[in-house]
Amino acid sequence: MFKLFSKKRLIELIIPAFLMVSCGSNDLYNRSVSLPNSGWYKDEAVRFDVKVNDTLSNYDFYVNLRNSTSYRYSNLFLFLTTKLPNGNTTRDTIEILLADNSGKWIGKGWGNIKESKVTLKKNLRFPLKGDYRFFIQQAMRVDTLKGIKDVGLELSSSEE
């Protein structure tokens, strides 16, 4: 009568639900975007819009990733483009290690999906109030990158 979920499907449903429940109230922003199963095309940037009202507080800045263990590489290069409220734009290249030298995945998780929370900056203070726009784009040397499932941006109050 009822079809039971496979282990894989159950894990895929539980992990996002756990992440939503575990989000703390000290988050200024926490959002993830699922990427297409066909892969992440090099010219497709994921956009995150963040409203900043406080230029006195410090924040910790993270990129959150979910990757499949079928991902072919041990690292991931990203372009992070930031558009400030005054119209100025910055662009950074970021390398994220997803596996160690022996090939063991660094991220957490069961089965074939691993999650990584990568610190980009601690104690970040925004210089201007207003709307910030962040774009994250894959910067690997392939047109379509397969195996990256989700990319997210998190800004939370610094504990220090």
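Against the test of being out of contact with any Ser or Thr (no Cβ under 6 Å at 6 or more places or on another chain), loosely packed, with under 12 Cβ neighbours inside 10 Å and not polar (S, T, N, Q), the options PRO127, PRO85 yield a single qualifying residue, PRO127. Just the residues that are more than 22 Å from SER157 (Cβ to Cβ) and surrounded by 12 or more Cβ atoms within 10 Å (Cβ to Cβ), please, taken from region 37-61. GLY39, TRP40, TYR41, LYS42, GLU44, ALA45, VAL46, ARG47, listed by residue number. Please tell me if SER74 is at pLDDT 95 or above, farther than 17 Å from THR119 by Cβ, touching a Leu at 6+ places or on another chain (Cβ under 7 Å) and surrounded by fewer than 17 Cβ atoms within 10 Å (Cβ to Cβ). Spelling it out, SER74 is indeed at pLDDT 95 or above, farther than 17 Å from THR119 by Cβ, touching a Leu at 6+ places or on another chain (Cβ under 7 Å) and surrounded by fewer than 17 Cβ atoms within 10 Å (Cβ to Cβ). Listed conditions (1) under 19 Å from PHE135 (Cβ atoms); (2) in a loop (DSSP other than H, G, I, E, B); (3) modelled with pLDDT under 95 are all met by GLY111, apart from (1). Among the residues making up region 120-153, those that are part of a loop (DSSP other than H, G, I, E, B), of a type outside the set (Phe, Trp, Tyr) and over 28 Å from GLY109 (Cβ atoms) are ARG125, PRO127, LEU128, LYS129. Can you confirm whether ASN30 is surrounded by 11 or more Cβ atoms within 10 Å (Cβ to Cβ), closer than 24 Å to ARG133 by Cα, in contact with a Cys (Cβ under 8 Å, 6 or more places away or on another chain) and modelled with pLDDT of 95 or more? Criteria met by ASN30. Note on region 68-88: residues that are in a loop (DSSP other than H, G, I, E, B) and either touching a residue at least 40 places away in the same chain (Cβ under 8 Å) or not small (Gly, Ala, Ser) (or both) total 9. Every listed requirement among (1) part of a loop (DSSP other than H, G, I, E, B); (2) surrounded by 17 or more Cβ atoms within 10 Å (Cβ to Cβ); (3) not basic (Lys, Arg) is met by ASN64 save one, (1).
Being part of a strand (DSSP E or B), among the basic types (Lys, Arg) and touching an Asp or Glu at 6+ places or on another chain (Cβ under 9 Å) is the requirement here; does ARG91 meet it? Answer is no for this residue.
The values are calculated or read from the model by the stated rules, or taken from the named source; none is laboratory data. Keep in mind it's a predicted model, so treat the numbers as computed, not measured. Cβ atoms come from the backbone with ideal geometry, glycine included; neighbour counts cover every protein chain shown.
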